[in-house]
Amino acid sequence: MIGLPDPTLLSLGLALAVALISTWIIWTDISARRISNAAVAALAAVWLIAALFLLPWFEVLRGLGLAIAVFVVGVLIYQKARIGGGDIKLLCATLALVPSAQFWNAVWVFYGLLVLHVVISLIVSGIALKSIRKSWQNVRQYPLGVPLAGVLLVGALRYLASA
């Protein structure tokens, strides 16, 4: 008979896995402008392990419900060519991992990382003011996976630091 894993060790292992997967997503989204299905599947596997061994049933249902709702809305936005399919998959997987108590904190971290990423991108690339308007016309050119994965990375590292 296989015993249940130690919740503390399992939580730490899952947080480390999320940090590594998030780093992988950030790297591939910046370098190749793609979020691989394997990376999103790895996040889903982390959620599944957490759902089986750590999460109460209402958190599992909330995560599934939120992921499905975001997927439906995301597909509608995708059809208008405003967001990529990989970004939708990553957003669904990310929101399923965020506990209810930390949801709004995660939203603010996401927006903060999004703004930080845009500011750094503008500074590093030296975009002139008149071309900023042009760059915002095509939202699909922006790698949304970076702030999404950044939220997971910050949360995982924060959890690891507090353990």
All conditions in (1) within 20 Å of residue 158 (Cβ to Cβ); (2) at pLDDT 80 or above are true of residue 64 except (1)
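Here is a yes/no grid of residues against (1) free of Cβ contacts under 8 Å to residues at least 40 places away in the same chain; (2) surrounded by 14 or more Cβ atoms within 10 Å (Cβ to Cβ):
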| site | (1), (2) |
| --- | --- |
| 54 | no, yes |
| 57 | yes, no |
| 64 | yes, yes |
| 67 | yes, yes |
| 71 | yes, yes |
| 83 | no, yes |
| 87 | no, yes |
| 90 | no, yes |
Conditions (1) modelled with pLDDT under 80; (2) surrounded by 15 or more Cβ atoms within 10 Å (Cβ to Cβ); (3) under 13 Å from the mean Cα position of the chain (by Cα); (4) among the hydrophobic types (A, V, I, L, M, F, W, C) -> residue 118 fails only (3)
Note on region 22-41: residues under 14 Å from residue 91 (Cα atoms), out of contact with any Phe, Trp or Tyr (no Cβ under 8 Å at 6 or more places or on another chain) and either among the hydrophobic types (A, V, I, L, M, F, W, C) or surrounded by 19 or more Cβ atoms within 10 Å (Cβ to Cβ) (or both) are 22, 25, 26, 29, 35, 40, 41
| request: Report whether or not residue 32 is farther than 10 Å from residue 96 by Cβ and at pLDDT 85 or above. | output: no
In region 1-29, anything more than 19 Å from residue 99 (Cα to Cα) and either among the aromatic types (Phe, Trp, Tyr) or assigned to a helix (DSSP H, G or I) (or both) is listed as 20, 23, 24, 25, 26, 27, 28, 29
Is it the case that residue 41 is modelled with pLDDT of 80 or more, part of a helix (DSSP H, G or I) and out of contact with any Pro (no Cβ under 9 Å at 6 or more places or on another chain)?
yes
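The values are calculated or read from the model by the stated rules, or taken from the named source; none is laboratory data. Only a predicted model underlies this, so the values are computations on that prediction, with no experimental measurement involved. Cβ sites come from the backbone with ideal geometry, for glycine too, and all protein chains shown count toward neighbours.
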